[in-house]
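In what follows, a single structure is set out as structure tokens and then discussed.
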Amino acid sequence: MSWHALFSKWMLALRWPLAVLALCSCAWGQTAQTQGRVIEILADHDSRFRIEGQKQPVLKLKAGERITLRINAKKAKNVNRDGAIHGFTLLRVKDRIPVPGWDFELKPGVQEFNVTAPGEPGEYIAVCTVVCSEEHEGMNMKVVVLP
Ligand SMILES: [Cu+2]
């Protein structure tokens with residue numbers, strides 16, 4: 001048997017295990033992998049964003065930094081039709097333009113999002129996008145992007 005024939009036979013035998021392996025590693029990458037710092041945020045039942053140890057939470061990031069947001073969401077008063085209880089969207093303060101890749105709906109419980117900080121230093125604000133209670137308009141958090 002030639003080397004080539006042997007190789008083909010070997011690849012044929014391995015194709016399913018390899019496919020399964022590729023699929024698993026892909027799923028793992030999407031669900032369980034965090035990147036960089038993990039920042040824990042509480043989207044609370046009283047329509048406030050909280051970061052442990054901070055009275056008036058300010059999220060400080062480095063421009064272009066890759067992080068994982070781990071957000072624990074607790075239901076306030078209202079639930080969206082799709083089950084979202086809060087939202088989390090990042091806006092640039094000077095023009096309120098949303099930052100691409102930073103727009104999430106939050107379901108009850110803990111969820112993780114891998115995001116990249118804006119490349120442009122400055123002031124940003126994270127706002128809730130679900131009308132979660134009459135306090136909804138005040139549900140926001142300052143985000144500062146440092147050079
Ligand atoms: Cu909210």
Response to the item:
Among strands (runs of 3 or more DSSP E) entirely inside segment 55-118, those with 3 or more residues being closer than 17 Å to Met141 by Cα and modelled with pLDDT of 95 or more are 58-62, 66-73, 86-92, 97-106
Worksheet item: When only residues in segment 101-119 that are more than 15 Å from the ligand (Cβ to nearest atom) and open to solvent by 30 Å² or more (accessible area, probe 1.4 Å) count, which is nearest to Arg81 (Cα to Cα)?
Response: Val110
Discussion item. Where the second residue is assigned to a loop (DSSP other than H, G, I, E, B) and of a type in the set (Ser, Thr, Tyr) and the first is without any contact (Cβ under 8 Å) to a residue 60 or more places away in the chain and more than 9 Å from the ligand (Cβ to nearest atom) and lies in segment 76-94, which pairs have Cβ atoms under 6 Å and are six or more apart or on separate chains?
Written reply: Lys77/Ser133; Thr89/Thr129
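The values are calculated or read from the model by the stated rules, or taken from the named source; none is laboratory data. Just so it is clear, the model here is predicted, and its values are computed rather than measured. Please note: Cβ atoms are built from the backbone with ideal geometry, for glycine as well, and neighbour counts cover all protein chains shown. Please note that ligands, DNA and RNA were not included when accessible areas were found on the heavy atoms of the full protein model with its side chains. Shrake-Rupley method; radii C 1.70, N 1.55, O 1.52, S 1.80 Å.
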